[in-house]
Structure formats: structure tokens, C-alpha cells
1. Report, by chain and number, residues whose modeled amide H sits under 5 Å from the one on A:LEU35, excluding near sequence neighbours (fewer than 5 apart, same chain).
2. Rounded, prolate or oblate: which fits chain B, taking a ≥ b ≥ c as square roots of the Cα gyration tensor eigenvalues, rounded meaning a/c under 1.5, else prolate when a/b beats b/c?
3. Tell me which of A:THR10, A:ALA146, B:LEU130 sits at the most positive position along the dipole axis of the protein assembly as shown, charges placed on C-beta atoms (Lys, Arg +1; Asp, Glu -1).
4. Over 32 Å between Cα atoms, which of A:LYS11/A:LYS154; A:LYS114/A:LYS212; A:LYS43/A:LYS154; A:LYS18/A:LYS114 qualify?
5. Of the candidates B:ALA242, B:ALA198, B:ALA127, which one comes out as most mobile in a Gaussian network treatment of chain B with C-alpha springs shorter than 10 Å?
6. Give the separation of the Cα centroids, the range A:20-65 to the range A:251-298, in Å.
7. Taking amide H atoms as placed 1.01 Å from N in the peptide plane, list the residues 5 or more away in sequence, or in a different chain, whose amide H sits under 5 Å from that of A:TYR249.
8. Stokes-Einstein D for the range A:4-232 at 4 °C, 1.567 mPa s, Kirkwood Rh over Cα pairs, in µm²/s?
Amino acid sequence: MSVLHIAEVTKTFSAGAKAVDSFSLDVADGELVCLLGPSGSGKSTLLRMVGGFEQPTSGSITIDGEDVTHLPPERRPTGMVFQSHALWTHMNVFKNLAFGLKLRRMPAAEIRDKVEAVLDLVGLAGYGDRMTTQLSGGQQQRVALARSLVLEPKILLLDEPFASLDQHLRERLREEVRDIQQRLGITTLFVTHGQDEALSMADRIVVMANGKTEQIDRPDVVYRDPKTPFVAGFIGSMNLIDGEVRNGYFMRSDLTVQLQVPDGPATLAIRPESLDVTASDTPKASVHRVTDYGSHGLVDLDLADGTRLKSMVAHPDLFRAGQGVDVFPRAIAAYRDNQQIYRS
Amino acid sequence: MSTMTTARGRIDWLGIFFAGLLTIAIVGPLLVVGTWAFTEVWRYPNVIPQQFGFRFWAQTLGRADVWNALMLSLQLTTVVTLLSALICLPAAYAFARMNFPGRNILFFSFLAGHAFPKFGLLVAIAAIFLQLDLIGTFWGVVLIQLVGTLMFMIWIPVAAFQSVDRRMEEAARDVGAGPFRVFWSVTLPQAGPTIAAAVLLSFVGTFYETEGAWLIGAPGIRTMPVLMISFINNQMVIQFGAVLSVLLWVPSFIALMFARRVIGGGAFARGFGG
């Protein structure tokens with residue numbers, strides 16, 4: 001049983017800017033939580049504070065009830081996998097994995113057994129004698145993962161571990177890491193700026209912006225029901241349209257959508273797959289470009305004032321550039337003052 | 001593709017000319033010295049000596065002052081290099097990794113010592129040493145030669161420490177190593193080859209250092225280079241100087257070959273390149 005408890009953590013750098021701003025999070029035993037956000041959102045700083053590489057300006061971090069806020073990294077029950085893998089190039093794979101065990105004064109025979117077992121776990125059985133520089137990028141990252149796992153940390157920390165790998169390898173390692181994580185039941189905090197990674201791996205996603213939490217939810221909920229316009233725009237593809245609500249109708253250019261909220265400014269959010277388009281004699285928009293992806297198509301539309309919208313269609317061959325079309329949103333959400341005010 | 005092959009096939013005459021010129025400039029004097037060392041009679045206008053032989057080797061190696069000077073030089077150089085490493089490596093680490101008031105000024109002060117004409121500086125130091133009774137003593141020469149090694153032993157290791165990946169050190173902290181263990185097991189091995197290059201350079205440099213050793217050490221302390229100068233000044237027997245040159249060239253050549261094998265050419269370049 002290993003739970004991570006982050007309470008009101010703030011990190012202010014010397015320049016005075018807050019990298020992390022009173023951030024709180026509970027991670028349950030065996031859970032994989034993704035910190036997702038653009039660069040500069042404070043997600044890496046937060047992870048480094050959990051690992052002990054940065055000191056919080058205020059707030060506390062607790063692991064299994066033990067306050068670790070002021071412990072140095074070597075005395076924390078955390079294991080970190082770095083983006084650059086950070087393997088020790090002057091040691092071979094075996095020595096990289098054995099280093100931490102040796103520090104714990106484990107007998108040599110036991111170290112050998114443990115290293116072999118963990119190499120087997122990450123699919124690198126028999127690679128102990130290789131120098132780390134002789135390995136491919138994917139293998140290096142597996143060794144880095146094994147180096148953390150062999151010490152059986154209570155919390156596994158992953159700092160964009162796949163960022164330097166190519167797309168294909170990234171997808172495969174993503175599945176492998178998720179499998180291993182679930183098999184070991186290890187509590188994991190994962191930092192990424194790739195939403196695919198977060199959506200496919202995480203039990204829960206924390207969307208961060210400017211050092212603050214925007215939303216904490218299951219991946220499907222974050223996608224279907226973004227609570228702030230930032231999350232709406234950051235996760236997946238989204239049409240975000242600023243406009244005015246008057247008498248129960250949202251208006252922008254020729255687009256009018258029924259919206260039962262008090263009058264005032266609002267931001268309308270519509271997924272491309274929730275925006276239907278049909279050819280029309282009284283068009284509200286014109287087709288700018290049609291892109292055929294084989295399985296589906298995307299139609300770029302312009303409202304009369306130039307606002308660009310995207311619509312996902314099953315039959316892109318029905319549309320052509322310059323055509324006048326009518327648009328019908330099926331599912332919408334609306335935001336005002338950074339808060340969700342409506343969802344259909 | 002075809003243009004590339006022709007470009008590679010064309011002979012770079014200018015390059016060969018400069019390479020040849022450099023070779024003559026470097027190898028030429030070495031050849032002359034090497035020839036003189038094994039010469040017994042060589043008179044104008046002959047291009048090659050009339051008589052080769054080992055007479056001057058026997059004479060040179062038979063002199064007690066040569067052996068004394070060689071031993072003294074080795075002792076001095078070893079002491080200076082060890083002391084220099086002891087002082088400079090922690091300092092280099094501090095310069096590379098820590099931030100403290102006056103860091104930049106201190107760092108550049110190591111360059112300043114080399115910005116002045118060296119002899120003027122030495123005379124001033126000699127005046128101070130005279131008051132401290134350090135003139136003509138072993139430790140006086142150690143001190144003055146220590147100053148000469150500072151630049152190599154600070155600047156190159158600083159570059160070496162700076163190029164060690166911080167994430168590697170953090171990863172070692174992460175698996176349970178304290179700061180000292182991280183330094184010993186990760187930082188030092190990573191920076192090691194470049195630092196070894198710096199130690200070697202300062203060893204060779206100190207071994208051949210002449211002005212300081214002569215000005216501070218005379219008359220009591222006579223190192224190999226100082227002895228060579230006195231040979232040249234007093235006796236004008238070219239062979240003595242030539243024999244000593246060849247003799248001194250051998251250890252440094254072996255050291256450099258050894259270093260090249262252990263360290264690899266890249267480390268020297270890295271050390272200088274920062």
C-alpha cells in the first residue's frame with residue numbers, strides 16, 4: 001500500500017514567478033496519474049519536488065503517511081526515470097542496475113538474482129554485460145526503467161520518458177510500461193505533454209496550466225467533459241468560438257445556437273465530430289478545405305467573419321472548397337470566466 | 001553524386017604544402033638535435049657528421065650532477081602535480097558547480113597570472129621569496145611551479161565537470177547515493193579522462209618549466225632544464241645539450257603515447273574546447 005499525498009505545494013523561483021501554485025493531489029495505491037500540460041505548466045517541477053530534486057516553497061508531500069517534504073532524494077522511497085534516461089555511461093547495464101542495491105549492502109548473489117529478474121521484466125534478459133552506449137534509445141529507456149524498478153520504490157516517477165523516441169517505439173513502450181506498472185501494482189506519477197500518452201496510459205489525468213490544476217479526472221471524462229476552456233482546447237481537437245449570448249441564443253457571425261444561460265459573453269466549445277455540416281441554399285459558412293484521411297474526413301469551414309471551424313465527416317467526397325454549407329452542433333459546452341456554464 | 005567523387009579525388013596541393021611546411025618546422029629541429037646527440041665529429045661544410053658514436057652519452061650519463069638533476073626534477077614535478085591536483089580539483093568543482101560571491105573574478109584571476117609578462121612577475125615574486133627565505137629551496141621552487149600549473153589544472157577540469165550530465169548525478173541520488181558517493185562514483189569517472197589529460201599536461205609542463213626554477217631555485221636547486229641551460233651557457237658543447245634533449249624527450253613521449261591510448265584524442269580536444 002503506497003499512497004502519495006501532495007498538499008498545497010507552491011514553488012516560487014528566485015525571479016518571483018510561481019512555477020507551481022498551491023497544488024494538491026492524492027494518488028491512490030497502484031494508481032497511474034498523468035500530469036499533462038504544455039511546457040512551462042509546472043508539471044516537471046512538481047515531479048521533481050516529489051522526487052526531492054526541488055524544495056517546495058510551501059506545502060507538504062507525504063508518502064504512506066510519512067512526511068518527505070524536506071528529505072533529500074537518496075532518502076525518499078521514490079524512483080525516477082528521466083527523459084534523457086541519464087544512464088551512467090561508464091558502467092555496463094548490470095552495474096547501472098546493481099549500483100543502488102550495492103548501496104543498500106545487499107549480498108552479491110542476491111543482487112545478481114534481482115538484476116536478472118528485472119532485466120527479464122523489461123525484456124532485456126542477457127543484456128547485463130552491454131555498455132549502455134551500445135543500446136538503442138528504446139533499450140536505454142528500458143534500462144532506466146529497470147534501474148528504478150529494481151529498488152522496488154513506493155512511488156515511480158516518470159519524467160517524459162518517451163519524449164526522445166520515435167512515434168512507433170513510443171507507442172510500444174507506452175503499452176509495455178503500462179503492463180509492467182499494472183502487474184507490479186506500483187503507484188506512478190507520469191509527466192507528459194503528449195495527450196495521446198496521457199489518454200492511453202493514465203487512470204487519472206491532471207491537466208496543468210501556469211502551475212495550477214485545470215482539471216483532475218479519468219481520461220474519458222477529461223476528453224468528453226472538459227471543465228475549463230483551456231482543457232477543452234488542449235485535449236483533442238476542439239472548435240472554441242467566442243461570442244455573445246442574448247435571449248437564450250449564442251451568436252457569432254451567422255452562427256446561432258440555442259444556449260440557455262444568462263446574457264453575456266461566452267465561449268462555445270464543439271468537437272469536430274459533434275459538428276454536422278450539410279449543403280445548403282442559405283449557407284452560414286463556406287468550405288475552405290476538405291481533407292480525406294481514409295477512415296474519415298475533415299472539413300475546414302469559415303463563418304462569414306472568417307472564424308475557422310473544423311468538422312469531422314464520414315463522406316468527405318460530398319464537399320468541395322467554396323461550397324456554401326449549414327452547420328448543426330450536436331453536443332456543445334459553454335464557458336464564461338474560465339468556468340463551465342453549460343453542457344449538453 | 002558524381003561531383004562529390006571528383007571533389008574528393010582532386011588533390012589538395014595547398015593543403016599538402018602547408019602540411020609539409022609544418023612537418024619540416026616540427027620534425028626538422030628534432031632531427032638535427034637527434035643527429036647531434038649521436039655525433040662525435042661534425043665540421044662545416046659536411047651535411048652529415050663525419051663520425052657517429054656514443055662518447056657524449058657516456059660522458060653525460062657519467063656525470064653525477066645530471067643524475068641529481070633528473071631525480072630532483074622528478075621529485076619536484078611529482079610533488080607539484082600532486083599538490084596542484086589537491087588544490088585545483090576541488091576548486092574546479094566549486095567553480096563548475098557552485099555559485100558564490102566573487103566567483104567570476106576569482107575564476108578570471110587564474111588567467112590574469114598568464115596575462116602578464118612572466119619574467120616580470122617572477123622577479124617580483126623572487127623579491128618576496130627572498131624575504132621569506134624561500135630562494136634556493138625545494139619548496140620555493142614547488143610554490144613557483146605550482147602557480148604555473150594553476151591555469152591548466154583549473155580551466156580544463158572546470159570544463160570537464162561542467163560537461164557531466166546533471167541528470168546522471170540526480171539519478172545516482174535517486175537510487176540512494178549521498179552527495180560524496182555521487183561525486184566518487186559518477187562525477188569523477190565521467191570527468192576522469194579529461195582531468196587525467198590536465199594532470200598529464202601539467203606534469204609535462206612542470207617538468208620542463210625553466211624560468212621559475214632558475215630564478216627561484218638558483219643556486220641550490222638545479223632541475224634538468226636549468227642544468228641544460230648551464231651546459232649550453234658555460235661549455236658550448238652542443239652534444240651535451242643534444243643528449244639531454246633526447247634523454248628528456250623519451251619520458252614525455254612515452255607519457256603522451258600512454259595518455260593517448262588511455263584517454264583517446266577526444267578528451268584533449270574536449271578539455272580545451274570546454
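Each reported figure results from applying straightforward, stated rules to the coordinates on display, with no laboratory input. All values derive from a computational prediction rather than experimental measurement. Cβ coordinates were reconstructed from backbone atoms using ideal geometry, including for glycine residues, and neighbour counts include every protein chain displayed.
1. Under 5 Å from the amide H of A:LEU35: A:PHE190, A:VAL191, A:THR192, A:VAL206.
2. Working: a/c = 2.22, a/b = 1.25, b/c = 1.78.
Verdict is oblate for chain B.
3. B:LEU130
4. Details: A:LYS11/A:LYS154 24 Å; A:LYS114/A:LYS212 40 Å; A:LYS43/A:LYS154 20 Å; A:LYS18/A:LYS114 42 Å.
The answer is A:LYS114/A:LYS212; A:LYS18/A:LYS114.
5. With Cα springs under 10 Å in chain B, the top fluctuation among B:ALA242, B:ALA198, B:ALA127 is at B:ALA127.
6. Taking the Cα centre of each part, the range A:20-65 and the range A:251-298 sit 38 Å apart.
7. Those lying under 5 Å, H to H, from A:TYR249 are A:LEU259.
8. My calculation gives 71 µm²/s for D.
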